[in-house]
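Below: one structure, written as structure tokens.
The values are calculated or read from the model by the stated rules, or taken from the named source; none is laboratory data. All values derive from a computational prediction rather than experimental measurement. Cβ placement follows ideal geometry from the backbone for every residue including glycine, while neighbour counts extend to all protein chains displayed.
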Amino acid sequence: MAVSTVLLNKENCYHEVFYPCDNVCGILGEKPQRELEVNYSLDEFQIRGLLVADKHESMLITAHTSAGKTIVADYIIAMCLDNGKKCFYTTPIKALSNQKFEEFKNKYDSVGMMTGDTTVNPNAKFLVLTTEILKEMVLSGTSSLKNTGYVIIDEDHFIGNKERGRVWEETIIGLGKKN
């Protein structure tokens, strides 16, 4: 069974976290396993996201721009790298992949990028790539996906989009079949 938790923060901003209930429903009141170096209090949706990641479960976080979704992504990336697992971070466009690659290569040692135009360090433990590239990897059954800890899909609002949503949907379905 999946649980959807709708949360409003102090500014009445809407956030939602979807996660499977089987292993995660008892997490409320727990603390994340990893220490975070932030100079602010985390919102409830961020805490839930971190706790779901600690349980190695899938989740979908929906929150407005600048709500703090990246803290959950950073937590997951660090967790994967510390555990010797691969992590993939997808974006809908090459420009955003380039931007995220520049941002992440200043934070992490083993970062690569794959877009339709550019490939940098494709054997890195952490890859930033367009969703279309990941879809092709999933459909081709490449061994590059072995030992994957997490796939982070940025801009997931494309799911259900008549023009491009199919890429996200096929990727997610294909990833589910691999695990």
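Values computed for the structure shown
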| item | result |
| --- | --- |
| Single unsatisfied condition, P122 versus (1) in the same structural domain as W168 (by TED's automatic domain parsing); (2) surrounded by 20 or more Cβ atoms within 10 Å (Cβ to Cβ) | (2) |
| Test: residue in the range 140-155 that is among the aliphatic types (A, V, I, L, M), farther than 21 Å from D74 by Cα and in contact (Cβ under 8 Å) with a residue 12 or more places away in the chain | no |
| Count - residues of the range 111-121 that are at pLDDT below 95 and either among the charged types (D, E, K, R) or closer than 17 Å to N147 by Cβ (or both) | 1 |
| Out of K107, K177, K162, sole residue that is modelled with pLDDT of 90 or more, at negative phi and of a type outside the set (F, W, Y) | K107 |
| Filter pass, N123 being more than 24 Å from A78 (Cβ to Cβ), assigned to a loop (DSSP other than H, G, I, E, B) and without any contact (Cβ under 8 Å) to a residue 24 or more places away in the chain | no |
| Failed condition for S144, given (1) of a type in the set (S, T, Y); (2) at pLDDT 95 or above; (3) assigned to a helix (DSSP H, G or I) | (2) |
| Count - residues of the range 99-117 that are under 15 Å from T130 (Cβ atoms) and of a type outside the set (F, W, Y) | 8 |
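Conditions (1) part of a strand (DSSP E or B); (2) of a type in the set (S, T, N, Q); (3) exposed (fewer than 13 other Cβ atoms within 10 Å of the Cβ), marked per residue:
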{"site": "Q99", "(1), (2), (3)": "no, yes, no"}
{"site": "G116", "(1), (2), (3)": "no, no, yes"}
{"site": "L134", "(1), (2), (3)": "no, no, no"}
{"site": "I173", "(1), (2), (3)": "no, no, yes"}
